[in-house]
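K.L.:
Got a structure for you, written out below as structure tokens; questions coming shortly.
The values are calculated or read from the model by the stated rules, or taken from the named source; none is laboratory data. The structure displayed is predicted, hence computed values, not measured ones. With ideal geometry, Cβ positions are generated from the backbone for all residues, glycine too; neighbour counts draw on all protein chains shown.
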Amino acid sequence: MPQCYAAIAESLPDFKGMHMVADIGNGTMNVMILNNGKASESKSWTVKLGANECYMAIRNLILDRKAEELPAEIIENYLRCGDTKVGGEYRQLMEEAAKTYVDKIFAELKTYGYNPNLMKLYIMGGGAKVVELVGDYDSDNVTFNHDIRANAKGYEYFCYMKLRRQKSMASVG
């Protein structure tokens, strides 16, 4: 299963009905469909469409239109926080590039079965903030998780459950 499964493992009972989970990392996006909290290996994919693609799109658009190299810190702050404290044409160009990237994200999700009328969408990872900022979505059907430790917490939960099971098996035997 994609690592995003670990991030939601503890709250799987809350995933009633159909859900698509998208974990947008730096280099890839992990996508998974859940039916009443149950995952299927055949309905999970890794797509090369991480947040770095958005970073490069912003960088290249400003380089093309302004013939300037935008400092990496400005782009990173925009992707992490949604604000950079820059104004004018720079902000407009950053939003234009981000919107194009987010449109690609939603187009890719649709190729894997995302239908906003039939399922809820759960987005996490480093790219979640930019999707929340410029995406075109129904806020009642899309949930964002900005916890950068979500996957680590999920793996910790898996370890805890395994240790608990081993302890109960040892006490029975």
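K.L.:
Within the range 74-93, which residues are assigned to a helix (DSSP H, G or I) and either hydroxyl-bearing (Ser, Thr, Tyr) or within 22 Å of VAL142 (Cβ to Cβ) (or both)?
P.N.:
If the condition is that a residue be assigned to a helix (DSSP H, G or I) and either hydroxyl-bearing (Ser, Thr, Tyr) or within 22 Å of VAL142 (Cβ to Cβ) (or both), then TYR78, LEU79, ARG80, CYS81, TYR90 are the ones that fit.
K.L.:
Take the residues in the range 119-171 that are at pLDDT below 95 and among the basic types (Lys, Arg); name whichever of them is farthest from the chain's Cα centre (by Cα).
P.N.:
Here the answer is LYS167.
K.L.:
OK, next. Is the range 51-73 home to any residue that is within 30 Å of ASP14 (Cα to Cα) and part of a helix (DSSP H, G or I)?
P.N.:
yes
K.L.:
Considering only the range 102-117, how many residues are hydroxyl-bearing (Ser, Thr, Tyr) and outside any loop (DSSP other than H, G, I, E, B)?
P.N.:
Summing the residues that are hydroxyl-bearing (Ser, Thr, Tyr) and outside any loop (DSSP other than H, G, I, E, B) in the range 102-117 gives 1.
K.L.:
Being over 13 Å from the mean Cα position of the chain (by Cα), surrounded by 17 or more Cβ atoms within 10 Å (Cβ to Cβ), without any contact (Cβ under 8 Å) to a residue 40 or more places away in the chain and at negative phi: is that true of LEU61 here?
P.N.:
yes
K.L.:
Yes or no: LYS99 assigned to a helix (DSSP H, G or I), of a type outside the set (Ser, Thr, Tyr), closer than 20 Å to MET18 by Cα and at pLDDT 90 or above?
P.N.:
So LYS99 fails the test.
K.L.:
On the basis of being touching a residue at least 40 places away in the same chain (Cβ under 8 Å), surrounded by fewer than 18 Cβ atoms within 10 Å (Cβ to Cβ) and either at negative phi or aromatic (Phe, Trp, Tyr) (or both), does GLU96 make the cut?
P.N.:
In short, no.
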